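For reference, the structure discussed in these notes is given below.
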Amino acid sequence: MGYTITQDPGIGYCLECGDIIEYGHGRTDRKFCSDGCKNRWHNRRKAQSWHVYQHKVLKVLEGNHDILERLLHIGVTTIDRVSLGHLGFDFNYVTSFHKIGQRSVFSVYDITYEATPSRIRNISSRWNGAEEEGTGEGVTSKKSLKRPSAAVSAGL
Ligand SMILES: [Zn+2]
């Protein structure tokens with residue numbers, strides 16, 4: 001005895017559990033054997049699209065962080081928005097935003113910057129000082145002394 005695989009127009013297979021669906025009463029477009037299977041299938045699809053979205057957001061944040069990190073690495077703390085956009089920075093993805101007085105301060109993980117309508121400035125990393133000083137003592141004041149005073153244009 002062997003199986004013969006045929007497309008029997010009278011039956012279908014549940015997308016969720018694979019059970020046979022018998023088309024008894026004319027409808028031949030059912031994809032699920034039950035509402036339970038239908039719900040499980042749709043819930044899993046929703047969860048998958050959430051993971052896809054989550055992955056995309058994390059990639060964009062990672063990209064933004066890389067760009068800021070590279071700028072800091074070459075001593076750039078101010079850059080105009082257009083140049084930053086050309087580097088691939090996506091202004092829609094940050095990890096925090098604070099309004100401090102008149103200043104709009106954004107963060108991408110440990111790196112913060114202040115945004116104006118035309119540029120971003122005061123790019124700095126929370127970890128930089130600690131790494132440079134080792135002890136963590138007086139990090140804030142030393143760091144602010146070290147920071148390039150005015151705008152350094154991005155030579156990229
Ligand atoms: Zn089923």
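Tabulated data for the structure shown
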item	result
Subset tally (residues that are of a type in the set (A, V, I, L, M, F, W, C), out of contact with any Asp or Glu (no Cβ under 6 Å at 6 or more places or on another chain) and farther than 12 Å from residue 84 by Cβ) for the stretch 114-128	0
Options 58, 87, 68: the member that is in contact with a helix residue (DSSP H, G or I) (Cβ under 7 Å, 6 or more places away or on another chain), modelled with pLDDT of 95 or more and away from the ligand (no atom under 16 Å from the Cβ)	87
One residue from 70, 45 being closer than 30 Å to residue 19 by Cα and either of a type in the set (Gly, Ala, Ser) or out of contact with any Pro (no Cβ under 7 Å at 6 or more places or on another chain) (or both)	45
Residues satisfying the stated conditions in the stretch 32-47, i.e. modelled with pLDDT of 95 or more, near the ligand (Cβ under 8 Å from one of its atoms) and polar (S, T, N, Q)	none
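The values are calculated or read from the model by the stated rules, or taken from the named source; none is laboratory data. Keep in mind that what you see is a predicted model, and the values were worked out from it rather than measured. When we count neighbours, we look across all protein chains shown, and the Cβ atoms used for this are built from the backbone with ideal geometry, even at glycine.
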